[in-house]
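Just below is one structure, and these are the notes that go with it.
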Amino acid sequence: MSGSTHFEVSGGAVSSVGVEEQARQVARSVFAVVSTKWGLTVLEEVRQGPRRFRELKRSIGTISDKVLTQTLRDLEAHGLIHRHDHRSANPRVDYTLTDAGRDLVATVHGLCDWSRAHLDDLLEAPRSAG
């Protein structure tokens, strides 16, 4: 494609339009993970500092081991948390936010600030039945 801008992404050249579409797809995928019942809750807990599985389970409360495990795997797969296995005699794994995870939590907090600033207007807005 002569005259178009190209970027190197995952080993292949794509146009700037391709990068925009890829960014949208990644954003949708991240939104899907974060908008699950437990996604944002787990991110908020991990934001407090390194957390072990049992600490997360105890602080969240009503989440099952299976669902917490899947949520952690999904968040890790999307680059939002880092899983650090200490590889010690006593198994120890900590979870921390990645830079992307920290930025996302800050963005969500910004959305909450926006919501508070416009709360009256948002509550008065007509709702459609869908």
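The values are calculated or read from the model by the stated rules, or taken from the named source; none is laboratory data. Here the structure is a predicted model, which is why all the values come from computation and not from measurement. Neighbour counts are summed over all protein chains in view; Cβ atoms, including those assigned to glycine, are modelled from backbone coordinates with ideal geometry. Quick note on the areas: whole protein, heavy atoms, side chains included, nothing else; ligands and nucleic acids left out. Shrake-Rupley method; radii C 1.70, N 1.55, O 1.52, S 1.80 Å.
Annotation: extensible slack from residue 108 through residue 64 equals 13.4 nm (criterion: 0.36 nm per residue apart, minus Cα-Cα distance). Listed values for region 113-118 are Karplus-derived 3J(HN,Hα) couplings in whole Hz (6.51 cos²θ - 1.76 cosθ + 1.60, θ = phi - 60°), namely 4, 4, 4, 5, 5, 10, and x replaces Gly and Pro. Here the calculated FRET efficiency for residue 116 and residue 89, from their Cβ-Cβ distance with R0 = 35 Å, stands at 0.15, rounded to the nearest 0.05. Rounded to the nearest Hz, the phi-derived 3J(HN,Hα) couplings of region 72-88 under the Karplus curve 6.51 cos²θ - 1.76 cosθ + 1.60 (θ = phi - 60°) are 4, 4, 5, 5, 5, 4, 9, x, 9, 10, 10, 9, 10, 8, 6, 6, 9, where x marks glycine and proline.
Each stretch of four or more DSSP H residues adds -39500 (n - 2.57); spread over every residue of the chain, this sum gives -18000 deg cm²/dmol at 222 nm. In whole percent, and with a 1.4 Å probe on the protein chains, what portion of the accessible area of the chain is carbon and sulfur? Ligands and nucleic acids excluded, carbon and sulfur reach 53 percent. Backbone amide hydrogens, once placed in the peptide plane, bring residue 98 within less than 5 Å of 81, 82, excluding anything fewer than 5 places away on its chain.
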